[in-house]
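Here is the structure we will look at, set down as structure tokens.
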Amino acid sequence: MNIKTERISLIDGLRGFSLFGILLANLLIFQYGIYGKDEIAFFDLPKWDLAGYHVTKILVETSFMPIFAFLFGYALILMMTKLQQRQLPVKRYFFRRFLALVVFGLLHTFFLWEGDILFTYGLMGIVLLLFLKRKAKTIFIWMVITFAILFLLSFGVEDLGNDILYSEDTIQEYLKETFTIYQNGSYTEIMNHRFHEDPMELGDIEIFVVLLLAPVTILPLFLLGMYAAHKGWLVDFQNKRKNYAMTAIILIPIGILAKLSPAFTSFVDFSLIGGSILAIGYIFLFAYLYSKFHDHRVMRAFEKVGKLSLSNYILQTMICTTVFYGYGLGLFAKMGIWLGILFGLSVYTIQVVASHWYMKRFKQGPLERVMRMFVYWNVRSKPKIEVKDVVNG
């Protein structure tokens, strides 16, 4: 296995790009709630905002979180190679890293917001330890298998929908209560509502099936990222420009059409797998643009935000909950879709400026430093130098 382990600026840029899309997608949850975003008719949006809602659902939602999953898998292989080169305990360090993500996710969910992804990514990281030292071919086969399962789950869905999760009366009552509490409630009232109110009406068997299938929906992109790292997809990007362009041209339309499938038929719903396909298309589109304009200030801006991805992700939650929830400005369900997109662009611009300022003064983000301290069990957030390192150095 011959993998280049130097920091890849394209990966940082992709992380920053993904964070922007994640913010736009999450703004639907910040503004309308974790269930309200899929029951948008309740909020009686004007036509222009309804159009913006559908644009966001098709082009953004479920198509930027997978980019992060891909990069998670890609970075995993790079970090493993670096640790092996230094003769450091790979699985021990990774387990601590994933455990730290789980803890961050639990704290994020408990104190701030129900839309957390860190907890899930931490658990998935532990699962990925099974694939860590597998050959690229083995990882590819498992990636194809999980994609195939996801594809098969898209069929025969004409009788499935939100009505199997909750009744119309239940969701309407829940949304009315959520609307009032999130717009006017205190921090404690919103937290209590988040933990104790739930419109879901699933039995034990249904819950077990959902928990069993949940990893299948996101595992393919993690595995694809690991495979891509083995094959060096994101290194020597200047020489791969044409390949990036052709792949993006093919995958982006396919992804969009797949996400639109429920509008044409009730028998299949390829929207979930379409989100992953579109995400891969976005990865190659960004890689193509980066290969042409990697010195442009826009690309540098994405890189700065991407280097502080964990800190910036949590900061987005802190800003948005303060703006939309009752203990802050109370703008829940008041801003609208298009104004919300402009708001998201403003927040991201602030993060670009703040990240640039911060990176001039510090090497690591605040939460990134805490993560590394836990991983390396060292307040200096660096691996402890062992005797064999000194001798070899």
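Beta carbons closer than 7 Å, at least 6 apart along the sequence or on distinct chains, pair a first residue in the stretch 253-269 that is within 16 Å of residue 150 (Cβ to Cβ) with a second that is open to solvent by less than 60 Å² (accessible area, probe 1.4 Å) and aromatic (Phe, Trp, Tyr) for 258/270; 261/270. The residues of the stretch 53-68 that are of a type outside the set (D, E, K, R) and either under 10 Å from residue 22 (Cβ atoms) or assigned to a loop (DSSP other than H, G, I, E, B) (or both), listed by number, are 60, 62, 63, 64, 65, 67, 68.
Go through 83, 71, 50, 78 for me and flag whichever is among the aliphatic types (A, V, I, L, M), open to solvent by less than 10 Å² (accessible area, probe 1.4 Å) and part of a helix (DSSP H, G or I).
Being among the aliphatic types (A, V, I, L, M), open to solvent by less than 10 Å² (accessible area, probe 1.4 Å) and part of a helix (DSSP H, G or I) holds for just one of 83, 71, 50, 78, which is 71.
Checking each residue in the stretch 19-38 for being hydroxyl-bearing (Ser, Thr, Tyr) and open to solvent by less than 10 Å² (accessible area, probe 1.4 Å) picks out only 32. Among the residues making up the stretch 123-145, a single one is open to solvent by less than 20 Å² (accessible area, probe 1.4 Å) and assigned to a loop (DSSP other than H, G, I, E, B): 132. Return yes when residue 45 is aliphatic (A, V, I, L, M) and within 30 Å of residue 8 (Cα to Cα) and no when it is not. So residue 45 fails the test.
Tell me yes or no: at least one residue of the stretch 30-45 is within 19 Å of the chain's Cα centre (by Cα) and within 24 Å of residue 244 (Cβ to Cβ). Looking through the stretch 30-45, none of the residues is within 19 Å of the chain's Cα centre (by Cα) and within 24 Å of residue 244 (Cβ to Cβ). Taking the listed residues 190, 207, 171, 164, the one that is of a type in the set (A, V, I, L, M, F, W, C), open to solvent by less than 20 Å² (accessible area, probe 1.4 Å), modelled with pLDDT under 95 and on the phi < 0 side of the Ramachandran plot is 171, with no other qualifying.
Among 260, 219, 278, which is aliphatic (A, V, I, L, M) and touching a Lys or Arg at 6+ places or on another chain (Cβ under 7 Å)?
278
In this structure, does residue 105 turn out to be without any contact (Cβ under 8 Å) to a residue 60 or more places away in the chain and open to solvent by less than 70 Å² (accessible area, probe 1.4 Å)? For residue 105, the condition - without any contact (Cβ under 8 Å) to a residue 60 or more places away in the chain and open to solvent by less than 70 Å² (accessible area, probe 1.4 Å) - is met.
Flag: residue 120 does not match the condition of being touching a Gly at 6+ places or on another chain (Cβ under 6 Å) and open to solvent by 40 Å² or more (accessible area, probe 1.4 Å).
Determine, yes or no, whether residue 375 is within 21 Å of the chain's Cα centre (by Cα) and either touching a residue at least 12 places away in the same chain (Cβ under 8 Å) or not in a helix (DSSP H, G or I) (or both).
No, not satisfied.
The values are calculated or read from the model by the stated rules, or taken from the named source; none is laboratory data. Given the structure is predicted, the values throughout are model-derived calculations rather than measurements. When we count neighbours, we look across all protein chains shown, and the Cβ atoms used for this are built from the backbone with ideal geometry, even at glycine. The area values use the complete protein model at the heavy-atom level, side chains included, leaving out ligands, DNA and RNA. Shrake-Rupley method; radii C 1.70, N 1.55, O 1.52, S 1.80 Å.
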